[in-house]
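Data block below; observations after.
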Amino acid sequence: MNRAPEQPRDPLIWCAIIALGFWALVLWNLAIPTADYFDEVHYLPAARHMLALDRFNNREHPLFGKEMIALGMALFGDNPWGWRLVPSLAGTLTLFAAMRTLWFAALSRFATIAGGLLIASGFHLFVAARIAMLDVFMLASVAVAYWQLAAAMREPEHGRWRLAAAGVALGLAIGAKWNAIPLVMAPGLAFLVLRWKAGRRRLLLSRRGMPVPGITLLEAGLWLGLVPLLVYAATFIPGFLFAVDPITNGLVYHHQFMLQLQEQVKTQHPYQSTWQQWVLNTRAIWYLYEPIDGAQRGVLLIGNPLTMWLGLPALLWCAWQGAVRHRAAHGAAALLYATSLALWIVAAKPIQFYYHYTLPSMFLLGALALTLDDLYRSGWRKASMGVLVLSLGLFAYFFPILSAMPLAGQRSFELWMWLPGWR
């Protein structure tokens, strides 16, 4: 008799170690700068008003991210730790959930650990986890949702509660930022397409077939359609309770008002950029560069130049593997990258910024992890490991201007300015 194939061991402990190590780095120097910076100047006042329920401001964005910032301020005080500790936890959860997604999608220890190291050293998540902005709460919610979705497909005996958890997380994702809308719609549409392709006579009520055996299409519509909408609507409850300018005409009218506010921002900004520049990693944003807290300090948002550029051919490889070799994890990484980026190609919002690329970059780095795993399995172990080592090395090299460390002087930034668009 043939021996049973070896089953890969779940690298759960490694996922926890990598996530906790990342959190330790995020926490270091977290309270610097001691003053609010970049878009904290918008979201911290909004959180303060939410705690007091006095005036509803910053009305162009959903409320969940501001609710989480307000929670941190309520628990830890209106100070830099209170502003940024909850975002740091959300960033750590994002990393852990992304690794768990890779594990359930590919069942590869190397791809899972590599993905964690690539995302941790990719610059985007580290910067997002250290500032009181909305993006990190969207990232955490999307990552948790796709972790639960991948696990539901891999372990259908737990499919019901995992789909329910995914539905809650999807609702919170759009409750943080609308950027997540395409990725919130994708799971339900994928469920429909897979069941339709299975050719089931009872399309709505059949429990057989992919993606989650035992769950009907009708039930999937509940968890992946209705639950996210209800959770999203629930995040607006504080909006009805403000003393000044509350929501009075219902959520539909309020959303029309939000959309008008988003589309009317047309003033040119020195840090605005286009999606082509995001893909090529040629346009950075300085969140901070000034003398503050006794030293010259800077916080730069840019992608890790090695992995952002290597990720592009990795996406093509994954797209080919998905389309031709029918490797689901590879194809999903490429498709979800394209889906999350497509929003900004067609969006009516005229002024866009590089931080909008943070979500697509997560899928790009996932695609790179899967590609490095293929190289590793093909005998190119040194090359695969070398990419990981170089990615960590570049993270260490750029760390001073990712973490607001003291710099030597006003012109210190020139050490890291490899491209004109990074200045």
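The values are calculated or read from the model by the stated rules, or taken from the named source; none is laboratory data. Just so you know, these numbers come straight off a predicted model, no measurement behind them. When we count neighbours, we look across all protein chains shown, and the Cβ atoms used for this are built from the backbone with ideal geometry, even at glycine. Surface areas here come from the heavy atoms of the whole protein model, side chains and all, with no ligands, DNA or RNA. Shrake-Rupley method; radii C 1.70, N 1.55, O 1.52, S 1.80 Å.
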Six or more apart or on different chains, Cβ atoms under 7 Å: show the pairs whose first residue is in region 95-123 and among the charged types (D, E, K, R) and whose second is outside any helix (DSSP H, G or I). ARG109/PRO8; ARG109/ARG9; ARG109/PRO11
From the list ALA334, ALA338, ALA323, ALA342, which one is open to solvent by less than 20 Å² (accessible area, probe 1.4 Å), in a helix (DSSP H, G or I) and not hydroxyl-bearing (Ser, Thr, Tyr)? ALA334
Is it the case that GLY159 is of a type outside the set (S, T, N, Q), more than 29 Å from LEU259 (Cβ to Cβ) and open to solvent by less than 10 Å² (accessible area, probe 1.4 Å)? yes
Report whether or not TRP416 is open to solvent by 10 Å² or more (accessible area, probe 1.4 Å) and touching a residue at least 12 places away in the same chain (Cβ under 8 Å). yes
Give me the residue from region 230-253 that is more than 22 Å from ILE69 (Cα to Cα) and either within 25 Å of the chain's Cα centre (by Cα) or not small (Gly, Ala, Ser) (or both) and, out of that set, least open to solvent (accessible area, probe 1.4 Å). LEU251
Residue pairs, Cβ under 6 Å, 6 or more apart or interchain, first in region 51-69 and of a type in the set (Phe, Trp, Tyr), second crowded, with 22+ Cβ neighbours inside 10 Å and in a helix (DSSP H, G or I). List them. PHE64/LEU172; PHE64/GLY175; PHE64/ALA176
Checking LEU365 against (1) in contact with a Leu (Cβ under 7 Å, 6 or more places away or on another chain); (2) in a helix (DSSP H, G or I); (3) closer than 22 Å to PRO33 by Cα; (4) not hydroxyl-bearing (Ser, Thr, Tyr), the condition it does not meet: (3)
Of (1) crowded, with 18+ Cβ neighbours inside 10 Å; (2) at pLDDT below 90, TYR43 fails just (2)
Take GLY171 and tell me if it is over 14 Å from the mean Cα position of the chain (by Cα), of a type outside the set (Val, Ile, Thr), within 30 Å of ASP78 (Cβ to Cβ) and open to solvent by less than 10 Å² (accessible area, probe 1.4 Å). yes
Go through the residues of region 27-37 one by one and say whether even a single one is under 16 Å from LEU85 (Cα atoms) and open to solvent by less than 10 Å² (accessible area, probe 1.4 Å). yes
Check off (1) open to solvent by 20 Å² or more (accessible area, probe 1.4 Å); (2) modelled with pLDDT under 95; (3) part of a helix (DSSP H, G or I) for HIS356 and give me the number that stays unchecked. (1)
If we ask which residues in region 201-244 are over 18 Å from ALA152 (Cβ atoms) and not polar (S, T, N, Q), their number turns out to be 19
Taking the options VAL144, VAL193, name whichever one is open to solvent by 20 Å² or more (accessible area, probe 1.4 Å), assigned to a helix (DSSP H, G or I) and under 27 Å from GLU40 (Cβ atoms). VAL144
Could you identify the single residue in ILE131, ILE174 that is closer than 29 Å to PHE236 by Cα and in a loop (DSSP other than H, G, I, E, B)? ILE131
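Residue-wise test of (1) free of Cβ contacts under 8 Å to residues at least 24 places away in the same chain; (2) closer than 24 Å to ASP36 by Cα.
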site: PHE240; (1), (2): yes, no
site: VAL244; (1), (2): no, no
site: LEU259; (1), (2): yes, no
site: GLN262; (1), (2): no, yes
site: HIS269; (1), (2): no, yes
site: THR274; (1), (2): no, no
site: GLN277; (1), (2): no, no
site: GLU290; (1), (2): yes, yes
For region 103-123, which residues satisfy the criterion of being in a helix (DSSP H, G or I), open to solvent by less than 10 Å² (accessible area, probe 1.4 Å) and either of a type in the set (Phe, Trp, Tyr) or touching a Gly at 6+ places or on another chain (Cβ under 6 Å) (or both)? GLY115
Which numbered condition ARG208 misses (of (1) open to solvent by 60 Å² or more (accessible area, probe 1.4 Å); (2) modelled with pLDDT of 90 or more): (2)
